[in-house]
Amino acid sequence: MQNFEPQLIDLHFQGTPGVVAVYVWDTGDGLALVDTGPGSTLEALKAGLDLLGAGWGDVRHILLTHIHFDHAGAAGQILDYSPRARVYVHERGARHLVSPERLYASAAQIYGDQMEALWGEMRPMDADRVTALAGGETLRLGGAEVRALYTPGHAVHHLAYVVGDELYTGDVGASAWCHSSRPARPHHRRTLIWPPGSRVPPNWAPWTCGGCTWPISVPMPRGQTTGPTAGKPGTRSQVDAGTAATGG
């Protein structure tokens, strides 16, 4: 495996490009992933790592922005395949990764018999391999210094991560619903202000499209404050799966 800058891996959720993606970069002490996607896209993530000359054994750090299925569903399986990897997540979400039964049951109320096809397996993980964060911590991952920011709004357990001049925002940057002319109702009124000097990696702005994270090519000037994230009127979005179990 060769050193490389942050790379975007398209997970082709439900066979569709441009819906769910993961960031990966080399810390000098193995790979760091920002989110994992759901268990149903695990093979696409593996294929993306293969193209980078990497594999499961190279993964050391899994930075979860929040524990909804489209962002964290595959994390337990990756820990099984990557014996030296560790998960970082907000303290309000950590216990649901160790024991995901309530999270799964909450989502199953929405998706019913489509759970497996949409999200795949969500395996429990060993608590000793989970680092619970409150936000405000600075992590040293190999040669990378990572600052965890507590960014509630889309979820009460949401984190964003600052790495050098890169900012990984998960689902707090903004949101947009595709294939609909119906205006979206403001769903969360929290805002996120980029830390001084930060930029969205690399020159992309993350939005939620159809409920799943995808970075759309929209320039985000330094110091910009985002508007409210949005949810589709009258429904619960895919990324809200598990909200009842986690309190947000």
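Step by step: first the residues of the range 83-94, then only those that are without any contact (Cβ under 8 Å) to a residue 60 or more places away in the chain and aliphatic (A, V, I, L, M), then the one that is surrounded by the most Cβ atoms within 10 Å (Cβ to Cβ). Which residue is that?
Initial filter on the range 83-94 (without any contact (Cβ under 8 Å) to a residue 60 or more places away in the chain): 83-87, 94.
So of that shortlist, the ones also aliphatic (A, V, I, L, M) come out as 85, 87, 94.
On the way: A85: 23, V87: 26, A94: 20.
The extreme case among them is V87.
Looking at the range 80-94 only, could you name the residues that are under 17 Å from W25 (Cα atoms) and either among the aromatic types (F, W, Y) or part of a helix (DSSP H, G or I) (or both)? Passing the criteria: only Y88. Of all residues in the range 112-130, those being surrounded by fewer than 16 Cβ atoms within 10 Å (Cβ to Cβ) and either β-branched (V, I, T) or over 19 Å from the mean Cα position of the chain (by Cα) (or both) number 8. Candidates are the residues of the range 131-147 that are among the hydrophobic types (A, V, I, L, M, F, W, C) and farther than 10 Å from V87 by Cα; the one that is surrounded by the fewest Cβ atoms within 10 Å (Cβ to Cβ) is A134.
Would you be able to say whether some residue in the range 95-103 is touching a residue at least 60 places away in the same chain (Cβ under 8 Å), aliphatic (A, V, I, L, M) and assigned to a helix (DSSP H, G or I)? Please lay out each step first, then the result.
Going through the range 95-103, the residues touching a residue at least 60 places away in the same chain (Cβ under 8 Å) turn out to be 96, 102-103.
Now drop any that are not aliphatic (A, V, I, L, M), which leaves 103.
Of the ones still in play, those that are also assigned to a helix (DSSP H, G or I) are 103.
Yes: the range 95-103 contains one or more residues that are touching a residue at least 60 places away in the same chain (Cβ under 8 Å), aliphatic (A, V, I, L, M) and assigned to a helix (DSSP H, G or I).
Picking from D80, D58, which residue would you name as being surrounded by fewer than 17 Cβ atoms within 10 Å (Cβ to Cβ), farther than 23 Å from G18 by Cα and of a type in the set (D, E)?
Working: D58 fails: surrounded by fewer than 17 Cβ atoms within 10 Å (Cβ to Cβ).
Every option except D80 fails the conditions.
Just to verify a result, which residue in the range 26-38, among those that are within 18 Å of V87 (Cβ to Cβ) and buried (at least 22 other Cβ atoms within 10 Å of the Cβ), is nearest to the chain's Cα centre (by Cα)? Per the stated criteria, the residue is D35.
Read-outs: derived from the displayed coordinates by stated rules, not from any lab. Since this is a predicted model, take the numbers as computed values, not measurements. Reconstructed Cβ throughout: ideal geometry from the backbone, glycine too, with neighbour counts over all protein chains shown.
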